[in-house]
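Before any comments, here is the structure.
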Amino acid sequence: MFKYVTKRILMVIPVMIGVSIIVFSLMRVFSPDPAPIVLGQHATIKSIEVWRHANGLDAPVVTQYVTYVAKAFKGDLGTSYYTKSQVAAEIGARFPATIELAIAAILFATTLGVLLGVMAAVKKNSVFDAAGSLFALIGVSIPIFWLGILFIMFFAGFLHLLPSGGRINVMLEPTRVTGFYMIDSLTQGNWDGFKDAFIHLILPALTLGMYSMAIITRMTRSSMLETLGQDYIRTARAKGISETKVIGKHALRNSLIPVTTVIGLQFGALLGGALLTESVFSWPGIGKYTVDSILKSDFPVVQGIVLLVAVIFVTINLIADLGYAFLDPRIKYSSKKED
Amino acid sequence: MTTDTNTLLEVKNLSTDFVMNKGTVHAVVDMSFTVREGEVLAIVGESGSGKSVASLSVMGLLQPPGRVVSGEIIYRGRNLLALSPREMRDLRGNHISMIFQEPMTSLNPVFTIQDQLTESIREHMKLDKKAAITRAIEMLRLVGIPSAEKRIHDYPHQMSGGMRQRVMTAMALSCDPDLLIADEPTTALDVTIQAQILALIGDLRKKLGMAVLLITHDLGVVAETADRVVVMYGGQVVEQATAQDLFDCPKHPYTLGLLESIPSMADSEDDEPLYMIPGMVPNPLNMPMGCAFAARCSRRMPRCTQERPPLYEVEGRLLRCFLFDPSGEEGART
Amino acid sequence: MTEFDYPQDTPRPDPSSLTHLADETMALGERLPSGDIPDFDETLHEKPENQWLEMWRSLIANRAALVSLIFIAFLVFLAVFGPLLTPYNPISTNMAASLRAPSAAHWFGTDQLGMDIFSRVIAGTRVSLTVGLLAVSIALTIGVILGAVAGYAGGWVDSVIMRLMDMMLAIPSILLAITLMAALGKGIDKAVIAIGLVSIPEYARIVRGNILSIKQNDYIAAARVVGNTDFRIIFRHILPNALSVIIVRATLGISSAVLDTAALGFLGLGVQPPQAEWGDMLGRARGFIFQAPWTLLYPGMAITVTVLAFNLLGDGLRDALDPKSRVK
């Protein structure tokens, strides 16, 4: 087991190096020179040269890359071309909002997706199954930004039930400790703040999680159907244990094994979808910041965000793989053999 | 068939269908048999003869599109088909238990043997966890698993096929059932392991005094273990007799064919090729009008393809063949 | 998983006869001891006269797939002839008639610049379909070549290509696409390239996987023995066998390309105004969500039904090609 984990972790390193090279070369080699964009049309050649030197852009690309990576390891992701503020600090300030949203979305997607998938498989070919399949099909077909718009129209505009955007009422904002408002407000005993943060979180989380929920539903259903056809399910039934136990214990554990991988992949997709969701709900995370920075050619910011997201994505998939090993004892066994 | 006092299970006119888009498969047609306390009844037939479907019907484990359409399954005076799912559950794994064909896939790969073994013990014997584990280890010893208290923590993939079938047997026997249904319990195993498992089942039957309903296609297995035999073909019982009678003097042409196709020491000396019943099992979606076996029968008569033969009672055995029609002139030919 | 599970020297089972059977045999297989219900469908092993014809028959027997196929044909018609059919010029503004609710004159209402939304939704069909098709073509061409080379060559070539694909997959595709847009600049042509590039790994992986599984077959060895070059073997023998899987993937790929196009448009990175594109229309009308909901309703609906149609067609194709996947 230890060897398996180590091996999987070591495999991440070349991928991360590769990602950093790809992103770096996209930004510094293939992109148009940011100087005229940043300095405006009236910049003189002299001022452009000064600016390029100040931002280290006049050095050879390889040198630039090495410098960047060396600094990145110390937590220095450079400074924004515009605000001159530290990219790491800017990202750090916005990132908890995005993560809070993504976690809420994946929790919703996983819980409901697994539940619907299991029910659809157990009641195969029923009206319920058909409705579930249709729901899942629409879930993968609807653009999330439009779904968010529809939610706002209905729940905020028509029912006046939920807020149309933002993260919390500024009056109730908790003191920033973790940056996760749900946690900060709770630990500070700010009950109203907690409620308000929760209410603001509902629509964005539903919007962002819908696609993943559809995928997880489909995956769980097909995996469950396959499991239900296995001999050991018949054995379990032959023992005379309750059907709830047959499904909830014997079938579920087995059918969740492939689903964990999908959940890991979906979390990565969520980080991408967050760009759009945040934009619809004016959610103060990295999504809007990313889009703005791209529009302004603020490359250090874009680079920092893409790298961070890649690190998180790869880590989540690693965790999903390890979860796979946890759920399936056969994996542990084969890695034991390697020892 | 009269119901004597020591009848444990009586199946009366059982019919089971599989309704599918392409048509209905009558997997079991009007089947009757009894299992007495403590005896071994073997149901023999080729694959597709309906023997496994019959056993699943008894267990109440038939899943859609399979459905019992008529008949009664009476266990100790109670019709199992009329029981609620809850009542049936109390019976399954407790009074009636089952061993399946595939030991490699019949155990859940993600749970330990202990987990899977104690499940039914706790469910039916209402024991606490500790007592259930003690019982489970005891059962594993009974089925001959060495260092049972260690192996109980294993996962199924850490065991061989033979070991797994022993675990399956332990699981089936853990609540002292009165009836054990063994569906091809040895088919998937090596020959030497087959003999061990059969001996084990025979042994435990005597020790625990349960009845065994043995489902198999292997007449060799039947000869070694069964008291009485039911031969099935195309979903119907074609012959029923004591094992002694059946092997000494097989009567139904199909049974004859089955027996002739068993390799024996005598055969191996001369170079004659092994006998095989010609032709194929009929398409269950398109059963012939007359006798299901007629197309392959060496003693086919014109009426065999026209009408279905009933079960005739001849010398204490049951036979579904016009050769034994007491009113017909053909009857003399036996 | 695919038709390649069947040994190549045996005839493929007749898909149309199998589609109905698949559910039943699965249902039976779920409960019955294996082999107890014999292989009772004799047509199963008959040689089909033409596998593409059979696939087509099986596809149009699937109602959802047939409806989506017809709908896609309609979309193609709109994309080609749409500009001739629109009641208004989709890019002419009329500030006097801005934000009008749907009416007989403007079926879908007008937007903030007074442009007719119905006309713009129809005009947007061309952009979405073109971008979808072009992006998939790019991804397909590069992905198939990379996957084929990786799978066929194996060794370090395989490692290098597949690690590169892993790296691309380590960045969520929409983030990678907008990063590419940042490098390439705004515009619909850049969007095509960005969307196409990000889905390369999917095709490369599928093709590589298929090639690995069929590379070992005897007929490939035979082709080599008779002196075919590697290139020839890949294009003449291996790719045609992977074709059906690629077709399914590409159909589903169009639906995600349409979604991505709309997403880039929504973020303001796609087409430049005043050209009509569904995502861009949504992005620009966002401020009028409560004031003029129709500005947001119809373009979104257009994206959804288009994506839905390609998804249904893709599912239908997969089922037609592989009856075993029907239960999934």
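The values are calculated or read from the model by the stated rules, or taken from the named source; none is laboratory data. Computed from a predicted structure; not experimentally measured. Using ideal geometry, Cβ is built from the backbone for each residue, glycine included, and neighbour counts are taken over all protein chains shown.
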Notebook entry, point to check: Mind checking which residues of region A:158-207 are within 30 Å of C:Pro293 (Cα to Cα) and in a loop (DSSP other than H, G, I, E, B)?
Noted result: A:Leu159, A:His160, A:Leu161, A:Leu162, A:Pro163, A:Ser164, A:Gly165, A:Gly166, A:Arg167, A:Ile168, A:Asn169
Checklist line | Residue among A:Phe108, A:Phe73 that alone is under 30 Å from A:Gly248 (Cα atoms) and more than 14 Å from every other protein chain (Cβ to nearest Cβ) | finding: A:Phe108
Item checked: Residue list for region A:275-301, filter: facing another protein chain (nearest Cβ under 9 Å) and assigned to a helix (DSSP H, G or I) -> A:Leu275, A:Leu276, A:Ser279, A:Val280, A:Thr290, A:Val291, A:Ser293, A:Ile294, A:Leu295, A:Phe299
Check: Out of the residues in region A:229-257 that are touching a residue at least 60 places away in the same chain (Cβ under 8 Å) and either surrounded by fewer than 20 Cβ atoms within 10 Å (Cβ to Cβ) or not in a helix (DSSP H, G or I) (or both), which is farthest from the other protein chains (Cβ to nearest Cβ)?
Finding: A:Leu252
Note to self: Every residue in region A:130-144 that is in contact (Cβ under 8 Å) with a residue 24 or more places away in the chain and away from every other protein chain (no Cβ under 11 Å), please.
What the structure shows: A:Gly132, A:Phe135
Item checked: Index of the failed condition, B:Ala42 passing every other in (1) within 14 Å of another protein chain (Cβ to nearest Cβ); (2) closer than 24 Å to B:Arg164 by Cβ; (3) outside any helix (DSSP H, G or I) -> (1)
Next item on the list: Would you be able to tell me the number of residues in region B:101-117 that are touching a Lys or Arg at 6+ places or on another chain (Cβ under 7 Å) and over 30 Å from B:Asp218 (Cα atoms)?
Entry: 1
Notebook entry, point to check: Within region B:161-193, which residues are under 18 Å from B:Glu37 (Cα atoms) and either within 14 Å of chain C (Cβ to nearest Cβ) or charged (D, E, K, R) (or both)?
Noted result: B:Asp176, B:Asp178, B:Ile181, B:Ala182
Next item on the list: Considering every residue within region B:193-206, establish whether at least one is modelled with pLDDT of 85 or more, of a type in the set (Lys, Arg), out of contact with any Leu (no Cβ under 6 Å at 6 or more places or on another chain) and outside any loop (DSSP other than H, G, I, E, B).
Entry: yes
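What tally of residues in region B:53-82 results from selecting those that are part of a loop (DSSP other than H, G, I, E, B), over 15 Å from B:Phe18 (Cβ atoms) and out of contact with any Lys or Arg (no Cβ under 8 Å at 6 or more places or on another chain)? If you could, list the steps in order and put the result at the bottom.
Taking region B:53-82 as the starting set, the residues that turn out to be part of a loop (DSSP other than H, G, I, E, B) are B:60-65, B:76-77.
Then drop every residue that is not over 15 Å from B:Phe18 (Cβ atoms), which leaves B:60, B:76-77.
Then keep just the ones that are out of contact with any Lys or Arg (no Cβ under 8 Å at 6 or more places or on another chain); that gives B:76-77.
Qualifying residue count, region B:53-82: 2.
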Item checked: Test: A:Ala102 is closer than 19 Å to A:Gly285 by Cβ, surrounded by fewer than 17 Cβ atoms within 10 Å (Cβ to Cβ) and not hydroxyl-bearing (Ser, Thr, Tyr) -> no
Next item on the list: Starting from region A:162-185, keep only residues that are farther than 20 Å from A:Val280 by Cα, then list their pairs with residues that are among the basic types (Lys, Arg) whose Cβ atoms are within a distance under 7 Å, requiring at least 6 positions of separation or different chains.
Entry: A:Asp184/A:Arg176
Check: What tally of residues in region A:120-146 results from selecting those that are closer than 18 Å to A:Ser212 by Cβ and either touching a helix residue (DSSP H, G or I) at 6+ places or on another chain (Cβ under 9 Å) or in a loop (DSSP other than H, G, I, E, B) (or both)?
Finding: 15
Note to self: I'd like the full set of residues that are of a type in the set (Asp, Glu) and over 23 Å from B:Pro284 (Cβ atoms), limited to region B:203-262.
What the structure shows: B:Asp203, B:Glu224, B:Asp227, B:Asp245, B:Asp248, B:Glu260
Item checked: region C:181-202: number of residues that are assigned to a helix (DSSP H, G or I), free of Cβ contacts under 8 Å to residues at least 24 places away in the same chain and more than 21 Å from the chain's Cα centre (by Cα) -> 3
Checklist line | Hits in region B:146-163 (condition: surrounded by fewer than 22 Cβ atoms within 10 Å (Cβ to Cβ) and either within 30 Å of B:Val44 (Cα to Cα) or in contact with a His (Cβ under 6 Å, 6 or more places away or on another chain) (or both)) | finding: B:Met159, B:Ser160, B:Gly161, B:Gly162, B:Met163
Next item on the list: Can you run down the residue pairs with Cβ atoms below 6 Å, 6 or more apart or on separate chains, where the first is in region A:68-95 and on the phi > 0 side of the Ramachandran plot and the partner is surrounded by 13 or more Cβ atoms within 10 Å (Cβ to Cβ)?
Entry: A:Gly75/A:Ala88; A:Gly78/A:Val87; A:Gly78/A:Pro300
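Might you check whether a residue that is aliphatic (A, V, I, L, M), assigned to a helix (DSSP H, G or I), buried (at least 22 other Cβ atoms within 10 Å of the Cβ) and in contact with a Gly (Cβ under 9 Å, 6 or more places away or on another chain) occurs anywhere in region C:273-280?
Of region C:273-280, the ones aliphatic (A, V, I, L, M) are C:276.
Subset that is assigned to a helix (DSSP H, G or I): none.
There is no residue in region C:273-280 that is aliphatic (A, V, I, L, M), assigned to a helix (DSSP H, G or I), buried (at least 22 other Cβ atoms within 10 Å of the Cβ) and in contact with a Gly (Cβ under 9 Å, 6 or more places away or on another chain).
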Next item on the list: Consider B:Gly38 carefully, then state whether it is under 25 Å from B:Thr225 (Cα atoms), surrounded by fewer than 18 Cβ atoms within 10 Å (Cβ to Cβ) and in contact (Cβ under 8 Å) with a residue 40 or more places away in the chain.
Entry: yes
Check: Going through region A:166-179 one residue at a time, which ones are within 22 Å of the chain's Cα centre (by Cα) and either buried (at least 19 other Cβ atoms within 10 Å of the Cβ) or on the phi > 0 side of the Ramachandran plot (or both)?
Finding: A:Gly166, A:Arg167, A:Ile168, A:Gly179
